[in-house]
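Any read-out appearing in this document is the output of simple, stated calculations on the displayed coordinates, not a laboratory observation. From a predicted model like this one, the values you see are computed outputs, not experimental measurements. Glycine gets a Cβ as well: all are built from the backbone with ideal geometry, and neighbour counts include every protein chain shown.
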Amino acid sequence: MTAGANPTRVDGAVTAEPTGVDGSVTADPTRVGAEVHPIRADPTRAAGGPAGSGGPTDPAGLRRLAVDTLDANWEHDHTVPSRTLYPHQWSWDSAFIAIGLAQIRPERAWQELASLFRAQWADGRVPHIVFNPAMRVGAYFPGPELWRSASVEGAPAVDTSGLVQPPVHALAALLAYRRAPDPAGLAALRRLYPALVAQQHYLATRRDVAGDGLVCIVHPWESGLDNSPAWDEPMAAVPAEASVMRAYRRHDTVHADAAHRPTDLDYARYLAIVAAYRDHGYADRPLADHHPFLVECPLFNAAFGSAEHALAEIAVLVGADPGPHRARAAQITEALLRRLHDPGTGTFQPRDLRTDRLVSARTVLGLAPLILPDLPARQADAIVVEARSARFGVARRMDRPLPTHDRTAPDFEPLRYWRGPSWLNIGWLVHRGLLTHGHPELAAGLRRSMIDLVGGAGCHEYFHPDTGAGLGSPAFSWTAALLLDLLAD
Ligand code: 9WN
């Protein structure tokens, strides 16, 4: 395969100057939980200092904080992940958010998923960003001018990205319905079911680049763990120069500390990969010939398999046939075991399709297949051993939060985004996996540690993996939503 990205062809530079740290805030900033203070406003936390009294510690106070955060981030028919950093709609965020909304505002949970799926492409792909046309140009980088979805046949009327994110939506829809099992929820499930099936069909048919039954991601953004050390090896092969970024104005580093975010070289590569995909019209068939980043991710594929398990249950509820979903779920688990299981570590590793090798970094992605109920006991046990090891520290009483990367690795970075910090959506998935495979005490320890994180720092985007200090956006929607879910169990 030849890398087809040409960094000089990346264009769509955004020159609009953001109007200031609160330039994109539309919520009433006097409301509790509204995101009015960038993380840098609190230097102790930005530096990763000790967790302070950032959040309430009693369940009622925590719940109120979560509800206020979600209310402040609600935008007509969806929830923005963060008013400042991410002021549009994101795909897997909406799924996690719907799980929390189902408890407090079920009608919004269904609106959240419906608005996302209204932007589904004709080929079934659910875009990872749906741009809100009411936001000013430059509110997020890269914006619609880079993606140019409007010029692609089969894209929706609204501007979107051309990438996808882990398909956690069927699971979210099922869990939302379980929290609010009323006729309106059932009607919503009925409407969503064909769209969820089309999402899986797209992934199974267009993205099985290796023909091995697994989905291939074509950009680190598709993993949701953008700058995970898992992508260092495949990313190193993407031709790009950090200096390319001089032509652009990054939006994220206006709102968050640059030392906590992906680097300029990461971004140059992100843009090069987008350009390669976009310039081929976001077509998936010729990916193997030219695309510079082709990886099978264990978390993405675990979500893909778990979606079939969830669809089987949804099918029963809406009067469809669960059989094909069960059969596909079994095939996906089998493919994961065959292609991504690393007998050396006992866990699962991403496979770089450009080299046909498993990547060596031991990140939290390797724990994700635990969410599959049909994962054989031997492999599930090995994941639990890895989770309990010094790398990840899951325990009945956790002394530190679950990190996103092996904390004993030399490239573990406690402050930089997905290279170490603790995130609630990942903890929530691992918690679910521990319960699924019969480890209620470990699950309880992890749950306690996640609730304590928010109690110590508030509804932050992510947390320092040693001190628990809040990092990134201080009013992050999926943290609030998943906290509600954890509190309800
Ligand atoms: C790029 C919205 C998204 C999450 C991702 C997280 C981050 C975007 C960014 O924010 O990604 O998609 O600009 O960094 O990595 O998981 O969905 O919250």
> For the modelled label position 7 Å from the Cα of residue 58 along Cα-to-Cβ, which residues of the range 421-457 have backbone nitrogen atoms closer than 12 Å?
Replying inline: none
> HN-Hα J couplings of the range 316-331 from phi, Karplus 6.51/-1.76/1.60, θ = phi - 60°, integer Hz, Gly and Pro as x?
Replying inline: 4, 5, 9, x, 9, 8, x, x, x, 5, 5, 5, 5, 4, 5, 5
> Stretch residue 289-residue 136 to full length: gain in nm at 0.36 nm per residue minus the Cα-Cα span?
Replying inline: 51.3 nm
> So, in nm, how far is label residue 263 from label residue 396 when the simple model puts each one 7 Å beyond its Cα toward the Cβ?
Replying inline: 4.3
>> For Cα pairs less than 8 Å apart in space and 6+ apart in sequence, what is the mean separation divided by the residue count of the range 169-277, i.e. the relative contact order in percent?
In response: 20
> Whose amide H sits under 5 Å from the amide H of residue 295, counting only residues 5 or more places off or on another chain, with H placed in the peptide plane?
Replying inline: 217, 353
> Can you list the residues, at least 5 places off or on another chain, whose amide H is less than 5 Å from the amide H of residue 78, using H built in the peptide plane?
Replying inline: none
>> Full-extension gain between residue 321 and residue 236, please, as 0.36 nm times their residue separation minus the C-alpha to C-alpha distance.
In response: 26.1 nm
> Does the range 225-374 come out rounded, prolate or oblate by the C-alpha gyration tensor, with a ≥ b ≥ c the root eigenvalues, rounded set by a/c under 1.5 and, if not, prolate when a/b is larger than b/c and oblate if not?
Replying inline: prolate
> Cα convex hull of the range 98-182: mean projected area in nm², to one decimal?
Replying inline: 6.2
> Over all pairs of distinct alpha carbons, what does the Kirkwood formula give as the hydrodynamic radius of the chain, in Å?
Replying inline: 22.2
>> For 233, 441, which order do you get if you count the other beta carbons within 10 Å of each Cβ and list the fewest first?
In response: 441, 233
> What net charge is computed for the residues neighbouring residue 401, neighbours being all others with C-beta under 13 Å from the C-beta of residue 401, Lys and Arg scored +1, Asp and Glu -1?
Replying inline: +2
>> So if I place +1 on the C-beta of Lys and Arg and -1 on the C-beta of Asp and Glu, and nothing else carries charge, what would the dipole magnitude of the chain be about its Cα centre? I want it in debye, nearest 20.
In response: 440
> So how do 71, 77 line up by other beta-carbon neighbours within 10 Å, fewest first?
Replying inline: 77, 71
>> Run lengths n ≥ 4 of DSSP H only: what is the helix-derived mean residue ellipticity at 222 nm for the chain, with -39500 (n - 2.57) per run over all residues, to the nearest 500?
In response: -13000 deg cm²/dmol
> Over all distinct Cα pairs, what is the inverse of the mean 1/r for the range 180-283, reported as the Kirkwood hydrodynamic radius in Å?
Replying inline: 16.7
> How high is the relative contact order of the chain, in percent, counting Cα pairs under 8 Å that sit 6 or more residues apart?
Replying inline: 21
> In nm, what is the difference between 0.36 nm times the number of residues separating residue 157 and residue 122 and their Cα-Cα distance?
Replying inline: 11.5 nm
>> How are the alpha carbon pair distances in the range 121-262 distributed across 5 Å bins from zero to the largest one, expressed in percent?
In response: 2, 8, 13, 16, 19, 16, 14, 8, 3, 1, 0, 0
> Using a Förster distance of 35 Å, how high is the FRET efficiency between residue 377 and residue 182, based on the Cβ-Cβ distance and rounded to 0.05?
Replying inline: 0.40
> What ranking do 141, 412 get, fewest neighbouring Cβ atoms within 10 angstrom at the top?
Replying inline: 412, 141
> Taking H as built 1.01 Å from N, whose amide H comes closer than 5 Å to the amide H of residue 357, not counting residues under 5 places away?
Replying inline: 352
